[in-house]
Amino acid sequence: MKKSVWQPIALAAALLFFAAGYLVAQRPIADTVQILTSTNRDVPPAEEAARGLIDVNTAQALELADLPGIGPVLAERIVAYRAENGPFAVPEDLLDVSGIGPKKLEGIGAYITLSP
């Protein structure tokens, strides 16, 4: 196709993106906050909080990598250690995994749980 055919198409696309951005920017912030904070209120608060915890004894490496300070390599080490030594009984057992020290354990403590 000729260059002159693409110019109106590119202009129309640019205007479309600009208009979409403008409309999104005009949306009231309160609507966005309500969408982001809405939850199922049939769930008791304790269970709701527990839903956000990652079970170190069942989680795959991809899930463990979501923990603060735990990257993909360390997540794989946790999974490998668990496969070789069995489930973790207490959070302090994670200290036996190479790369996890007291500070890192303290940093993830609020985000993990251990199933039997």
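The values are calculated or read from the model by the stated rules, or taken from the named source; none is laboratory data. Remember, predicted model here, so these are calculated numbers, not experimental data. Don't worry about glycine lacking a Cβ; one is built from the backbone with ideal geometry, like all the others, and counts go over all protein chains shown. Areas reflect the complete protein model, heavy atoms only, side chains present, ligands, DNA and RNA absent. Shrake-Rupley method; radii C 1.70, N 1.55, O 1.52, S 1.80 Å.
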Point to revise | Label point distance in nm, residue 96-residue 14, each placed 7 Å from Cα along Cα→Cβ | key: 6.3 nm
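In whole percent, and with a 1.4 Å probe on the protein chains, what portion of the accessible area of the stretch 51-113 is carbon and sulfur?
The computed percentage sits at 55.
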Study note, to complete from the structure: At R0 = 41 Å the Cβ-Cβ FRET efficiency linking residue 110 and residue 84, nearest 0.05, sits at 0.95
Revision key, fill the gap. Once amide hydrogens are built 1.01 Å from N within the peptide plane, the residues lying 5 or more places from residue 54 or on another chain with amide H under 5 Å from its amide H are 112, 113
Practice item. Rank by packing, highest mean first: peptides 98-110, 70-82, with packing defined as the count of other Cβ atoms within 10 Å averaged across residues. Key: 70-82, 98-110
